[in-house]
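A.B. asks: Starting off with a structure, shown below.
Bear in mind these aren't lab numbers, they're just calculated from the coordinates by the rules spelled out. On a predicted model such as this, the values are computed, not experimentally measured, just so you know. As a convention, Cβ positions derive from the backbone with ideal geometry for all residues, glycine included, and neighbour counts pool all protein chains shown.
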Amino acid sequence: MPGTCAVVPHTALEWTGADYELELLDHDSSKSAEYLRINPQGTVPAIVDSSSDGSEIIVTQNIATQVYIDANYPKANIFGTDASAISRAKVMQWLAFVNADVHKAFAPLFGPDGFVEG
């Protein structure tokens with residue numbers, strides 16, 4: 001969904017060089033029965049992958065998708081080269097801050113009709 005936080009894991013996938021299929025959604029398609037099977041919250045991002053035994057893996061929410069990408073492509077250093085606990089915690093701290101606090105500050109730009117009339 002262009003203009004959403006889904007651009008972050010999409011960028012991370014690009015950095016990994018992974019072979020993946022990007023599916024562009026709009027608001028209506030994110031609420032479709034097909035997509036709600038993947039993510040009942042109807043939000044992006046979401047990753048659908050296959051496990052080694054062939055079962056389907058679904059990971060949703062911005063930070064969780066990035067953790068999944070980082071874990072599966074460690075050589076890409078998505079979260080940097082320092083794997084110490086404090087370094088990882090700081091990465092998660094900043095991701096959570098951007099995801100929860102900074103991101104919501106842009107709500108008036110993406111949905112002005114919720115703030116003004118006409």
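A.B. asks: So, restricting to helices (runs of 4 or more DSSP H) that lie completely within the range 1-116, which ones have at least 3 residues that are crowded, with 17+ Cβ neighbours inside 10 Å and in contact with a helix residue (DSSP H, G or I) (Cβ under 9 Å, 6 or more places away or on another chain)?
C.D. replies: 7-16, 62-72
One line per residue, one yes/no per condition, for (1) free of Cβ contacts under 8 Å to residues at least 12 places away in the same chain; (2) of a type in the set (S, T, Y):
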site: I57; (1), (2): yes, no
site: N62; (1), (2): no, no
site: A71; (1), (2): yes, no
site: S87; (1), (2): yes, yes
site: A107; (1), (2): yes, no
site: F115; (1), (2): yes, no
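A.B. asks: For the range 11-55, which residues satisfy the criterion of being under 15 Å from N72 (Cβ atoms) and either among the aliphatic types (A, V, I, L, M) or free of Cβ contacts under 8 Å to residues at least 40 places away in the same chain (or both)?
C.D. replies: Answer for the range 11-55, where residues must be under 15 Å from N72 (Cβ atoms) and either among the aliphatic types (A, V, I, L, M) or free of Cβ contacts under 8 Å to residues at least 40 places away in the same chain (or both): A12, L13, E14, A18, D19, Y20, I47, V48, D49, S50, S51, S52.
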